[in-house]
Amino acid sequence: MKNRALKTIKDNLEEEIIRDLDRIGVYYRIHSRTKTLESLQQKILTKGEGYYRTEGKKVQDMIGFRITTYFLDDVNLLWNYFSMKYEIVDKQYDLPTSDVFKPLRKNLICRFSADNSAIFDGAKLSGHELELVDSTYEVQFRTTSSEGWHEVDHALRYKCKNDWVPYRDEDKMFNGIYATLETTDSAMKSLFEDMTYNHYKNKNWEAMLRMKFFLKFDNEELSEPVKKLLNTNHELAKNIFKCSRADLLYGLAISGLDIPVTFNNLVFLINCLCVKNEDIKSLTPPRLQKELANIQPFI
């Protein structure tokens, strides 16, 4: 009964998270799990008697999600958006320091909604195993390139820390591998920025938009009227090229706007939020204009 209840809550949460991520249009993978009762008991045992208490600190990650994105920018974007939208109990957002290198955590502990809390409370009434579990879940944010490293770290270092105590050099080297992965993330981002600029100079507008904003676009091509405007209005094309990806996607996220991720719609959204070109506005379908009118521009 309890496992079934936890799975129901996990599925409810996952459905909502996926709906938000798909609406924004970023590339992502989501992994989810519920702890087994055996894993829960092991965690309580490892922390020691009295660490978790019925009327005090409780286990907060009985249900967990891990969201991986292609770039660190999207990790930061989603962490900020989730921090604003969901009821947050605790945050872990490590900042880099100049003298110590270590993997940086970007995790959130979120509170169940009222409906999911009711399911959870019903499960607790049927037994005592969940008395030390809080009505919360954890969301971790990582890049795709660092995901494999974290998996190895969790299985072969975090769960057996004593194995590493005599091996400080090896411990440092293992962290160094993570540093290499972060460098790879930066190199890939720089490569795509160079390609974006080259496509802009060559008036390859769809390729420019794809490389600049890196979204899961539908197959619909950029319309000929929009292409013609970009080809003939250099200032308009430059302003679209200069539009901040982070600002645009965060504006889309907090707006609640739910439209297909097409090249045309992206241009219309950019125009609404930061360009304000009347010619592009005249090409925007009236129904979309009405929806975009409610979005706060960041210019």
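The values are calculated or read from the model by the stated rules, or taken from the named source; none is laboratory data. Quick caveat, the model's predicted, so the values are computed rather than measured. We place every Cβ from the backbone using ideal geometry, glycine too, and count neighbours over all the protein chains shown. Side chains included, ligands, DNA and RNA excluded: accessible areas come from the protein's heavy atoms. Shrake-Rupley method; radii C 1.70, N 1.55, O 1.52, S 1.80 Å.
Points to keep in mind about this one:
- Test set (1) assigned to a strand (DSSP E or B); (2) out of contact with any helix residue (DSSP H, G or I) (no Cβ under 6 Å at 6 or more places or on another chain); (3) not hydroxyl-bearing (Ser, Thr, Tyr) - Phe174 fails condition number: (1)
- Those residues of the range 160-194 which are open to solvent by 40 Å² or more (accessible area, probe 1.4 Å) and touching a Ser or Thr at 6+ places or on another chain (Cβ under 9 Å), in sequence order: Leu181, Glu182, Thr184, Met188
- Of all residues in the range 132-140, one or more are within 29 Å of Ile17 (Cα to Cα) and in contact with a Ser or Thr (Cβ under 8 Å, 6 or more places away or on another chain).
- Taking the criterion of being part of a helix (DSSP H, G or I) and either hydroxyl-bearing (Ser, Thr, Tyr) or more than 18 Å from Asp73 (Cβ to Cβ) (or both), the residues of the range 130-156 that qualify are Thr144, Ser145, Ser146, Gly148, Trp149, His150, Glu151, Val152, Asp153, His154, Ala155, Leu156.
- The range 199-253, subset of a type in the set (S, T, N, Q) and touching a helix residue (DSSP H, G or I) at 6+ places or on another chain (Cβ under 9 Å), residue farthest from Cys274 (Cα to Cα): Asn202
- Verdict on Asp90 being touching a strand residue (DSSP E or B) at 6+ places or on another chain (Cβ under 9 Å), surrounded by 18 or more Cβ atoms within 10 Å (Cβ to Cβ) and in contact (Cβ under 8 Å) with a residue 12 or more places away in the chain: no
- With respect to the conditions (1) in a helix (DSSP H, G or I); (2) surrounded by 12 or more Cβ atoms within 10 Å (Cβ to Cβ), Lys290 lacks only one, and its number is (2).
- Test: residue in the range 253-274 that is more than 26 Å from the chain's Cα centre (by Cα) and either closer than 17 Å to Leu229 by Cα or modelled with pLDDT under 90 (or both): no
- Extreme residue, modelled with the lowest pLDDT, among residues of the range 127-156 that are open to solvent by 30 Å² or more (accessible area, probe 1.4 Å), hydrophobic (A, V, I, L, M, F, W, C) and over 24 Å from Ile88 (Cα atoms): Ala155
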